[in-house]
Amino acid sequence: MDELLESQSKGFNLNEQHILAVKKYGEIYVYENRCPHLGIQMEMMPDQFLDSTHSLIMCAMHGALFRIEDGLCISGPCLNQKLKPLKFEIHNELIYFISEKNQS
């Protein structure tokens, strides 16, 4: 995950699921790329998920703002709703997702 730099975001697809990843203070946060308001993908341009200050995730469709650390919407039509976090592990700089079926 070396290609994800501090205060940057990246989108990708895995098994037809749209995913976004953000790196903040050395931590990586991964969410389903789906706005809780309309169920749409949140970026207007590839890999552009952050607001102008790079401190919040932003839905480009209607400007909803989400905290990076927990995906909570703090502004916009989906106020107090959350992005769906995805469980993952990092090994040898690669992200491996943990299937929900395998979680207890």
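Since only 9, 61, 45 are under comparison, the one whose Cα sits farthest along the positive direction of the charge dipole of region 8-102, derived from C-beta charges on Lys, Arg, Asp and Glu, is 61. For the chain, the relative contact order works out to 20 percent when only alpha carbon pairs closer than 8 Å and six or more residues apart are counted. Just tell me which lysines come within less than 24 Å, Cα to Cα, of residue 10; anything on the same chain fewer than 8 places away is out. Correct list for residue 10: 23, 24, 82, 84, 87.
Legend: ranking of residues 78, 73, 59 from fewest to most surrounding C-beta atoms inside 10 Å; resulting order 78, 73, 59. Annotation note: GluC sites (Glu not before Pro) in region 1-96 located in DSSP loop regions with a Cβ neighbour count of at most 12 within 10 Å are 3, 6, 16, 69, 93. Result for the chain in a Gaussian network model with C-alpha springs under 10 Å: among 19, 57, 68, the largest mean-square fluctuation is at 19.
In plain terms, the residue of 91, 37 with the fewest other Cβ atoms within 10 Å comes first and the most crowded comes last, giving 91, 37. Using C-alpha pairs under 8 Å with a sequence gap of at least 6, the mean separation divided by the residue count of region 43-104 gives a relative contact order of 17 percent.
Each reported figure results from applying straightforward, stated rules to the coordinates on display, with no laboratory input. Computed from a prediction, not measured in an experiment: that's the story for all the values here. In this analysis, Cβ positions are derived from the backbone assuming ideal geometry, glycine residues included, and neighbour counts consider all displayed protein chains.
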